[in-house]
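Here's the structure, in C-alpha cells; my notes come after.
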Amino acid sequence: MLNYIIRRLVSLIPVIIGVSIIAFSLMHLVPGDPARSILGEKATETQLEMLREELNLNDPYIVQYGNFMGKIATGDLGDSIKSKESVASEIGSRLPATIELTLFAMTIAVVIGVLAGVIAAVKQYSWFDNLSMSGALFGVSMPIFWLGLMMIWLFSVELNWLPPSGRLSNDIELTKITNLYLVDSILTLNGTAFVDAFRHLLMPGLALATIPMAIIARMTRSSMLEVMKQDYIRTANAKGLAGRLVIFQHALKNASLPVLTVIGLQFGFLLGGAVLTETIFSWPGVGRYVVDAILSRDYPVVQSTILIIAIIFVLVNLITDILYTLFDPRIKLD
Amino acid sequence: MKTLAAEAKADQMDPALKSKKNSSLWLDSLSRVIKSKTSLIGLVIITLLIVVAIFAPQIATHSPTDQSIIDRYQSPSSEHLLGTDELGRDIFSRIVYGSRITIQIGVITVGISMIVGVFLGAVAGFFGRWVDQIIMRLIDIMMAFPSILLAIALVAVLGKSLTNAMIAVGIVGVPHFARIVRSTVLSVKETEYIEASRVIGAKNGRILFSHVLPNCLAPIIVQATLTIGTAILDAAGLSFLGLGAQPPLPEWGAMLSDGRSALQTAPWVVMFPGFAILLVVLGFNLLGDGLRDALDPRLKQ
C-alpha cells in the first residue's frame, strides 16, 4: 500500500510541473505587454518600468519561472499588485471559508443523495422514484448561479428568512480557532454564533450541493438496483432477515463503491462550483478571490491562486483513488 | 432445421419483416431513442429551441436591443410578455434572439472539443508509445484544473468576449473526448478486421480514418450530446461573471447578470433567462442519456 501511494505521488510530479508552467505562463500569454495590461492605457513609461522591475519582467522567462517556483517552494506566493497584501496570507484567511462551504455542501449532497437513491431503488417505479429521479434530472441541468439568485430572491427578499450574503452577522462575536465557523462555535459552545453561521451557510451550501446531490442520487439508485438483483440479496431475504437490514447491511455496502468514486469526483467539481457560488453569495472564499483577481488583472494573485487550487484538486483526486483501493480489495494496486 | 426453413419462408413472405432484419445499427438506435419517453422530451425541447432560433424575427414581439428608459423594469404584461429590463428592453424578445447565441455556443464549443479531442485521442491510441505518453500527460495536466476555473483562466489570457469564452469552454472539453476516443481506439485496434486490412497493405492513415474512427462514432456522438449541456452551462457561467458575452448581446447568462442589482424590485429580469438555460440544458441531457442507452449500453453507469 505504501509503495502504491509513493508511486502515485511520484507520478504527480510531472503533472504539478505542467500545472505550474500553465499557471506561470498565464501572465505572459496575454497579448501585448503584461505591465501595460495591468496598469492600463494611461500609465507612463516610468510607471511601467517600475512594475516590470517589481515583477522581474525584464528577466528571461526561464529565470522568471525559476524565481516563481523557488518562492512557491518556500511558501512565498508573492504580493497582490492592487492591495499589496501577501497572497499567502490572503489565501490562508480565505481557504477555511471555501473548505467550510465545500464540506457543508458535500454533506448535504451525500446524505440526501444517497438516501434518495436508496429509497428510489428499493421502491422502484413508485411515485418517490419518479419524483426524485425527475428532480435529479433537473438538478444536473441546473445553472447554479441562477438557482442561487432565485434562492436569495425567495428566502431573503420575499420571505426574509435567511441572510443573502457573508458568513456571519456583524453583531455576532465568535472566537476564531479553526476559522471554520460552525466548528469554532461548537468548540467555544457559542449557540448564537452556531445558529447564525448555519443560517449563512444554508443557501450557498444548498446551491452548491444541487448538482453533486443529483449525480449521487442517480448513481446510488442504479448501483443499488444492480446489487439487489444478486443472489445473496435473495438469500438474505429468503432466510428472513429484516428488510432494512438487507438494504443497509448487505446491499448498500456493496453498492457504495461506484458511489464513492462519484463523491470523490464531485469534490473537484465543488472546488470549481465554489467560484460561482462564492461570487453570488459574497462568500469570502478563494473562488471569489481568484475571480476578482482575474477581473482586475492582478496576475501575481491569479498565478499563485490557480496553482494552489489545482494542487488541492490533484491531491483530492489522489486521495479518492487511494480510498477506492482501500474499500475494494479486488482492485490490484498495479 | 425446420425453424430455419420457416424463418426463410417468413422472410420471403413478409417484406416488412425483412427490411427490419436488414436495418442498420443506426436505424435501430434511432427507433429506440424515439421510443424512450424521456429522450423524446429532450428531442422536443431541442427542436423547439431550433425553431425559435430560426424564426426569431417572427416570434419576437420587440427588438432585442431597442432601449426605452420610460419602460424600464416593467413587470410581465400583455405588452411585454416577460417584462422589461433596466434599459426597458423586452425580455421575451431578448430570450428569443438569445436562443441563436445558445445554439452557436453549443455547436462551436463542442465542435472545438470534439475535433481537437478526437484527433488527440485517435493519434494517442493508434500510435501508442511515446506519442501516447506525451498526449496523455498533457491531458492529465489539463484535467488537473477544475473545468470552470481553467475556462476562467483561459479567458483571462484571451480577453473578455463571447468568442473567447467559447474557445475557452471548447478547450476545457477536449480531455473528455480524447480519453473516450483513445480507449475505444485501443480496443478497436486489436480486432481482426484491422489486422486484415494491415495484411492487405493499407496504410496507417487509411486504417485510422476509414476503419478505426467510424467504429468510435457511437461514443463520440453520445459524449457530444452530453457535453453540449455542460458547455452551455459553463459559457453562461462565464458570461454571468462578465467574462463572456458583452452588452448588448442578449446572451442568457449575461442577461441574468444584468438583472442581479434589481433582484428586489424586478425578479423577472433574472428569473426567465435562467429558466431558459435550465430548459435547454435539460433537453440536451435527456437526449444524451437516451442516445447513450440506445447507442452504447456499455456506457450506461
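The values are calculated or read from the model by the stated rules, or taken from the named source; none is laboratory data. Predicted model, so just to flag it, every value in this text is computed and none were measured. Glycine gets a Cβ as well: all are built from the backbone with ideal geometry, and neighbour counts include every protein chain shown.
Look at (1) outside any helix (DSSP H, G or I); (2) out of contact with any Pro (no Cβ under 6 Å at 6 or more places or on another chain) and you find that A:Asn179 fails only one, number (2). Residues of region B:128-144 that are free of Cβ contacts under 8 Å to residues at least 24 places away in the same chain and either touching a His at 6+ places or on another chain (Cβ under 8 Å) or among the hydrophobic types (A, V, I, L, M, F, W, C) (or both): B:Trp130, B:Val131, B:Ile134, B:Leu138, B:Ile141, B:Ala144. Among all positions in region A:251-258, there is no residue which is closer than 30 Å to B:Ser261 by Cα and within 14 Å of another protein chain (Cβ to nearest Cβ). Of all residues in region B:261-272, those satisfying the criterion of being more than 8 Å from chain A (Cβ to nearest Cβ) and either buried (at least 19 other Cβ atoms within 10 Å of the Cβ) or acidic (Asp, Glu) (or both) are B:Ala266, B:Trp268, B:Val269, B:Phe272.
Would you confirm whether any residue within region B:242-260 is assigned to a loop (DSSP other than H, G, I, E, B), hydroxyl-bearing (Ser, Thr, Tyr) and either within 11 Å of chain A (Cβ to nearest Cβ) or crowded, with 21+ Cβ neighbours inside 10 Å (or both)? No; the residues of region B:242-260 include none that is assigned to a loop (DSSP other than H, G, I, E, B), hydroxyl-bearing (Ser, Thr, Tyr) and either within 11 Å of chain A (Cβ to nearest Cβ) or crowded, with 21+ Cβ neighbours inside 10 Å (or both). Here region A:132-152 is the region considered, the condition is being within 7 Å of another protein chain (Cβ to nearest Cβ) and among the β-branched types (Val, Ile, Thr), and the residue that is nearest to B:Thr230 (Cα to Cα) is A:Val140. So is B:Ala144 over 20 Å from A:Leu295 (Cα atoms) and within 11 Å of another protein chain (Cβ to nearest Cβ) or not? So B:Ala144 passes the test. Among the candidates A:Val10, A:Val19, A:Val15, the residue that is without any contact (Cβ under 8 Å) to a residue 12 or more places away in the chain and either under 33 Å from the mean Cα position of the chain (by Cα) or not in a helix (DSSP H, G or I) (or both) is uniquely A:Val10. In region B:34-68, the qualifying residues are those that are of a type in the set (Val, Ile, Thr) and not in a helix (DSSP H, G or I), and the one that is farthest from B:Leu82 (Cα to Cα) is B:Thr65. I'd like the full set of residues that are more than 10 Å from every other protein chain (Cβ to nearest Cβ), farther than 30 Å from A:Ser169 by Cβ and within 18 Å of the chain's Cα centre (by Cα), limited to region A:262-306. Within region A:262-306, A:Ile263, A:Gly264, A:Leu265, A:Gln266, A:Ser304 meet the criteria. Among the numbered criteria (1) assigned to a helix (DSSP H, G or I); (2) in contact with a Phe, Trp or Tyr (Cβ under 9 Å, 6 or more places away or on another chain); (3) without any contact (Cβ under 8 Å) to a residue 12 or more places away in the chain; (4) of a type outside the set (Val, Ile, Thr), which single criterion is violated by B:Leu120? If we test B:Leu120 against (1) assigned to a helix (DSSP H, G or I); (2) in contact with a Phe, Trp or Tyr (Cβ under 9 Å, 6 or more places away or on another chain); (3) without any contact (Cβ under 8 Å) to a residue 12 or more places away in the chain; (4) of a type outside the set (Val, Ile, Thr), just (3) comes out false.
Candidates are the residues of region A:48-87 that are closer than 23 Å to A:Gly268 by Cβ and assigned to a helix (DSSP H, G or I); the one that is modelled with the lowest pLDDT is A:Ile72. The number of residues in region A:58-87 being surrounded by fewer than 17 Cβ atoms within 10 Å (Cβ to Cβ) and within 24 Å of A:Asp292 (Cβ to Cβ) comes to 8.
Annotation: of all residues in region A:242-274 being more than 20 Å from A:Ile215 (Cβ to Cβ) and of a type in the set (Val, Ile, Thr), the one that is surrounded by the most Cβ atoms within 10 Å (Cβ to Cβ) is A:Ile247.
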